Structure formats: C-alpha cells, structure tokens
2 protein chains.
Amino acid sequence: MQERGGVQGRPEPAGTETGPVGPHVVRFVTARTVLAALRRGGPFTVSELVELTGLTRATVIAVCEDLVRRGWAEEQDPERTGPQRGRPPRTFGFRADAGVVVGLDVGAHKTTALVTDLRGDILSTASGDLPRGARTAQARLDVVSGVALAALRDAGREPRHVLAVGVGVAAPVDRNGHVAAGSDFWEMFDVGLAAALFDRHGWHVLLENDANLAALAEQWRGAAQGLDDVAVLLAGERLGAGIIESGRLLHGRNGAAGELAFLRLVDGAVGPHGIAQLAREWGAEAAAQPTGLAGLAPSEVTAEAVFTAAEDGDAAAAAVLVRLEDRMARVIAVLSTLLNPELVVLGGAIAPAAARLLPGIRAALPDLTETPAEIEVSGLGGEAVALGAIRRALDDVAERSLAIALPDVG
Amino acid sequence: MQERGGVQGRPEPAGTETGPVGPHVVRFVTARTVLAALRRGGPFTVSELVELTGLTRATVIAVCEDLVRRGWAEEQDPERTGPQRGRPPRTFGFRADAGVVVGLDVGAHKTTALVTDLRGDILSTASGDLPRGARTAQARLDVVSGVALAALRDAGREPRHVLAVGVGVAAPVDRNGHVAAGSDFWEMFDVGLAAALFDRHGWHVLLENDANLAALAEQWRGAAQGLDDVAVLLAGERLGAGIIESGRLLHGRNGAAGELAFLRLVDGAVGPHGIAQLAREWGAEAAAQPTGLAGLAPSEVTAEAVFTAAEDGDAAAAAVLVRLEDRMARVIAVLSTLLNPELVVLGGAIAPAAARLLPGIRAALPDLTETPAEIEVSGLGGEAVALGAIRRALDDVAERSLAIALPDVG
DNA sequence: CGAGCTATATTTAGATTCTAAATTATCTCT
DNA sequence: AGAGATAATTTAGAATCTAAATATAGCTCG
C-alpha cells in the first residue's frame, strides 16, 4: 500500500537491507551516534563527546561541524567555570529550536494540541471543541487543523517549522498508522487526517491509539520512567490499555491489542463497558434503592457524582467503588498474567478518583494472579495522550534526523 | 550480572552503540548482507547476489571470498543446466555443514534432543527419561548432557562442532535467559545448566520458556508460517502461551508473560489448571455419576481416556469436552483481545484431541471478543519445543555469525 | 613579561572499503 | 576461427576512519 503524508512504519532490521553501501554509511552511523549523545544531554565539549562515543577527536570534530552545517547542532561559547588550564575546548550542543513537533489528542468531543521544541519542552497548548451536530470527517479535520495552527501561532512558529505531528485517537491503530477497518467513523479519519495535514501543511503525521500514547507519556515523563515493561490503563468512557513490552509498543495484527473494551467474558468477570458508564449504571441502581446515594435523581448520576458521594461518606456510593475496584483488579490481573509488566499505571478520566481505589485493587490482585504488577496512578493529568503524541513525534524525528532537511529558522 | 556460558540478550539498538567505527564496519555490514542472502536461499551466482544485495560485483566477490576463507560459504561448481552463453559464473553457497546446533526440550520427566545443520535440517534425534527419584539438579544435568551427546554422536558430529544450544523448560524465563526467581526447582536449573554445558563442552546455551519455543517452531515450520502476530497455546499438564508480536517473542518483566497457569479469575472463567488435569477432574465427576463415562473407575480417568470415551460416543465424556471447549474459548478470547494475534495455534498434549474441540471453540469465540483470532491445531507433534529450540539457536548463530570462529570440520 | 605547562585543536599519513569504469577471460554459436 | 555474450578481474578515485605528529590558546610562575 502506498503511504501518503506521514510515512509511518519501521526501518528494515539491520543486516537484511539492500542497497549500495560505502564509506559514507560510516559517517551516517557516527553522525547518528554523536547526535544521539547531544540530544540526550549536552552541551558537551569535544573531549566529552570523545569519551561518550568512543570516536576519535578528529572524527568528532568533523562530525560536529557537519551537524552544525546541517542545522542540528550549534557551537557554543565554552562556559568558563573557574580557572582552567590548557587550550579552551570547543563545545557543541543540540539545537532544540531547529524545529518543533506537535502532539494532538483528538477525542470524541475535544481536541488538544501541544507544541514542543525538539527536546520536548512545551512551548504552547491549545484546545478546541467539536461543534455539536457537525461530526463529519470534514468538520473534525477543520477543528484539528485549526487547533494545531492556533498552538503553533501561540508558540511563535510557522507550519513549515513542524518536523512531525503525533496524533492520538480513541480507536485501534495498526503499526502502519492505519485505523482498523470497521471501527465506526474513526475509520474515515485515518487516511483523511494524514493526507489532509500533509496536503495543507506538508506535515508528517504519525497516527496512534490514545492509550498507546498515554503509555509512551508515562514511560517518558510519568510514573513509569525508565521502565521497559509497562501497561497503562486508560479508563473513562472507554477502557483501553497501552502496552509497552521490552520498550516497544504492542499493536497486534490490526492495532487492536489492548482494546479491553472488546473483552467479554460472559459471566461478567470482565466486561465491555468503560469505567464511567459502570459508575453510572451501578450508581443508578444504588440511587434507586431506599438507601440511595445522597438523594440523587437517576439522571444526575455521573461518574464524578458517584466519586464525590463516596468521598462524602455515602454508603451506596462506596459500594459502587468496591465493585469498581473488583473489576479493575480483574483487568489488571489479566494484564499481569498475560504480559507480566513491571508496573500498571491507571490513567484517563478515572485517574482523579483512582487513588481511592488503589488500596482495594492492590489487596485483591495477589489472589487473582501469581505475577501481580505494581500499580500507580497517573500524575500526568489530561495531557497524557498529547504528551505521548509528542514523544511519538520526537522518536520519529530522531529516527529520520539525518534525512530531514531543516527549515531556515530565524 | 555477569553472564556465564551462553551470552544471551539482544544487541544495542543501532545508533546508540559506542566504540570505534571505521571502514571495516562497512565490510561487516556487507558481509552480513551477503551471508543472509546465502542463508536464505542459494547457492547463488555472483550476478544473482549482485541483484539480491544491491552491491557491486567486485564487492560481492571480495565478500564471498572472505566468507569462504572464514568457513561460512563455499564456492561450488556452477550447475550447468542447458546451453549457456558467456563466461561461466562463479557460484557460492552457504555451508550448512559448517557446524551444528542442538535443540533441547527438557520436560519434567523426559528430555528430547534434536541436532540439525545450520539450515535446520534434522540430522538426528535422541531422548532420555529422568530416572524416578533422582530429581536433583545434578541428575537432571547428567541426563540432559547425555541426551545431547547421544544425539550428536548419532549425527556423526563432535561437541566442538556445536555452535549454539537452545533449551526449552516449562518455567518462566526472562529475556536474558534466567529462570524467574521462585519457580520451584527449575530455578536451580537456570545458571546450572548454562554453566555446566559451557564448562563441559564450551557450548553457548540459550534458555527459553517451552511455550515460547513452540511459538517459534510454529512460525518457522508449523501452522503460523510467515505470520508476525501469533500465539501458541501449549495445553497439557500446564497451560502456557508463547506469544509473538511483530515477529518478536514477548517475555514481560520476569519472563512470565503468557504463563496462563497463573491466571485466576475466581469465578472460574479462566483457571489455573492444565487441560489434562481438568479433563481428569471433570471426567472423575462424570464417572461418579450413574450415567458414568463408560464405566471407568475414577483412578483410570486420564485426559486420554476421556478423549477416547468421547470419541466412542460416551455422553458424559462429551459433556466434559464441551466444558473444555468453553474454557479454551475463554482463554483464546483473552489472548485475542489483549494481543490481537492473527492466529492462535493449539499445541501440547491436547493437540491430538484439539481438532475435535475446534468447531466448538470457533463458534464460541465471536461472542467473547470483537477481535477473534483464527485458530489452528499444531501439526508439529511432540517435537515442537525442540524444533523451536533449534530455531532459537539458529537465530543466535546468525546474529553472531561473523564473530564466531568456526571449528575445522572434516 | 616571557618561558613553560597543559589541555585541546588541527594536520598529515596510512589503511580500509566502497563504486565505477576499463580490461580481460571463457564459453557458445555460426 | 571469429563474433557475440556474459562474467571476472583490474585499476583508479573517493570517502572515511584511526593514529601519530604538530600547532594553538590560555594559564602560571619565576
């Protein structure tokens, strides 16, 4: 299949690739090595880079000058801390401002955009709601495009400065960035979005499942930093898991890996409903009882209302929470057993209330699995998915770095 | 932790590695490319290799002569099929006899060994039983070592010809080839086996979970050929899954990924017992009834007996099969939902009877998950794990090829 | 204030490896 | 035997690395 817009997907495994090789390949590798070092930390003196990369001094300097010429690095005045001996060293740093990336969280009703520099430092945020009624793909595209442009403007950058765009949607997305066939109206969004953003602005678009992006975010800057085997449960209207195994996101054949909403064990052990809906249902049941949930009318029962009532000591609401704990524990048990992650992070709409559920879940887990994962609540708030989209975009930029021609930046 | 014996684990992701580079790296890459082509097919003429690899004729010849000198390839007389014009081409082929690999399936009672050449063509088989009573690690090591040596002798090769040994055990094994702490006596087997086989014979040992190896085998030569997202259910006394996602085996943090035996959903949806035990239990229940399972005494109820009785039209036995179908369907539903494989292969002791369960499982699955996988029964028989061990060993050899000094082969 | 010290930068020589182009070799067919 | 075809081999050129030799810039101290 021809990709259009953002070319997604992975490079061939090394050693199998075909095509001409030559000494220039060596330069490509060394440049990538040096750039990776600069990106991680820096600025570094040449001597430090020699130490870090194992390359010769002459090589490091040549490569750095190459990178400066190409816009990825800059030579900086050596910071002179205290007296020093010897000839002053040249220092080079990564140009985090050589471009920007955009992270988009495209929800059913709301779209959030984040713009960051190439280190991932946030430059601006924007969001917009989809006007009620206008839920066509076209209307959606316009909102998404508009929100991205607004955030860009806010960051003082232009569309041509965007090196990659990560996009999270609440639908299965396969390894190649395609929405699985048959997943409601998101499907039409698939090719449409990547193509539209490419046509309008020339952007590389990386489409990905929202829970997967939340997992990337937790691993990058959240509760799962540094862990290579993690799952993130995004619980709200939907219930989805983003799974990282050995540092890589799991997609499955059609991108439906982790789509727990699809799990139906008929006896009710684990069900298809999102946590929010369950809270509503069970809360409504409770409200209908004489003991009922602080006198709420059934129509007033929302997930938030139930959590609040429980917080206020309402017994019926507390009972609902117990049932929620039980269900979450079962889901986490399945995850623990099948994938043996080191940590499961609870995120999504449930996050604010999850701390309250945590002790119950932790207590129930050892009875359900022999390899219980640690459990933590996400601290990233509502920006987790957009942040993960940034991470995805940055990874893409890093991978393509030396093939990208940078825009002139003022 | 210091590795001893077989160094297991993966290379650094390209681009992050450190150390001196130079033009010789280019030769390393080209040599690997050519060798990979030869390994896949061959023998090839130089012109074919030029086509296959994208390298220049001069380069291909230089690399091939290098590989011949190092023992990995051999120049062959061009097969002259029909009249041909022009100067006869030089042809090179992979030396599948440059060494051998050993695949071991170390079960609780029985150890099976396979010896193959470097293409994976089987040269010999051997097996041995663990003497009852002597279940110490030492006794086990002696049996394993003895079986491997017997198979080698049978293949007419010597221990020094062994380039790698794959070993499958019925326990969680992490990415680094270590048995998870706390998994009964297998634990002591971990370091012991790799170290012992290395000390005695200098072999590189790759330890891996048996279900994982079965998955490799199915993907290589079984029902899952060419598929990148597959799960293999090894059902017998234990219940374990080997999961391949995007072409890679899943291990999880401690190697316990897929250890379904550890899953306990208390309401019985999915349970800890192996299929064989369930058949016994349920069969015993049925036998205790007046209608009872062809008059078997409870002590005579084995999994095989139940399957046989059902085959003979016994109603109680058939009912047991229905319950088995139900349970298998639930397990496969969980796998399908969480990991979205393209195919689930049923293997292990249940395989001979699984064809009979298949229609029932297939019928139940769509009600349990929205992303049902295809289901097939393994056709590899009892050698699946040993064959997967061979595949694992071959992969290791391929990865290390150009760093391995080959033994002189007569 | 200049000599010496130190850490670093720069230059040079040498080795390896690739590609591309020119040359040579070997076989078949007429 | 010669023409034609296909492939091997040789040669020249360019890129890149390492290692070693040389040059430089700032500090320190007599």
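Odds and ends about this structure:
- Karplus 3J(HN,Hα) series, Hz, for region A:353-360 with 6.51 cos²θ - 1.76 cosθ + 1.60 (x for Gly, Pro): 8, 5, 4, 5, 7, 3, x, x
- Between A:Leu123 and A:Val115, A:Thr116, A:Asp117, the built amide H atoms are under 5 Å apart, and every one of these is 5 or more places off in sequence or on another chain.
- Contour excess over end-to-end distance, with Cα ends at A:Asp97 and A:Glu158 and 0.36 nm allotted per residue: 20.7 nm
- Counts of other chain beta carbons within 10 angstrom of each beta carbon in peptide B:48-54 average 2.
- Taking 0.36 nm per residue of separation and subtracting the Cα-Cα distance, full extension of the segment from B:Ser47 to B:Ala108 would add 16.8 nm.
- Under 5 Å from the amide H of B:Glu259 lie the amide H atoms of B:Ala241, each residue being 5 or more positions distant or on a separate chain, with H modelled from the backbone and absent for Pro and chain starts.
- Legend: mean number of C-beta atoms from other chains within 10 angstrom of residue C-beta atoms, peptide A:327-338, equals 5.
- Across the identical copies, how the B:Leu358 labels are spaced - nm, sorted shortest first, 7 Å along Cα→Cβ: 4.9
- Here A:Ile61, B:Ile375 are placed in order of increasing Cβ neighbour count within 10 Å, fewest first, which gives A:Ile61, B:Ile375.
- Applying the Karplus relation 6.51 cos²θ - 1.76 cosθ + 1.60 with θ = phi - 60° to region A:369-382 yields 3J(HN,Hα) values of 8, 8, 10, x, 7, 5, 10, 9, 9, 4, x, 7, x, x Hz, where x marks Gly and Pro.
- Couplings 3J(HN,Hα) of region A:111-122, computed from phi: 10, 10, 10, 10, 10, 10, 7, 7, 9, x, 7, 6 Hz, in residue order, whole Hz [Karplus 6.51 cos²θ - 1.76 cosθ + 1.60, θ = phi - 60°; x for Gly and Pro].
- Counting, for every residue in A:237-245, the Cβ atoms of other protein chains within 10 Å of its Cβ and taking the mean gives 2.
- Close amide-amide hydrogen proximity is noted between B:Arg90 and B:Val46, each under 5 Å apart and 5 or more residues distant or on a separate chain (H modeled in the peptide plane; Pro and chain starts excluded).
- Among A:Glu218, B:Glu75, the order by Cβ neighbours within 10 angstrom, fewest to most, reads B:Glu75, A:Glu218.
- Exposure proxy for A:Phe307, B:Phe92, B:Phe198: other Cβ atoms within 10 Å of each Cβ, ordered fewest to most, give B:Phe198, A:Phe307, B:Phe92.
- Contour minus Cα-Cα distance for B:Asp395 and B:Ala58 (0.36 nm per residue): 118.4 nm
Every read-out reported here was derived from the displayed coordinates using simple, explicitly stated rules and does not represent laboratory data. It should be emphasised that the depicted structure is a prediction, and the values quoted were computed from it without experimental measurement. No Cβ is skipped: glycine too gets one built from the backbone with ideal geometry, and neighbour counts run over all protein chains shown.
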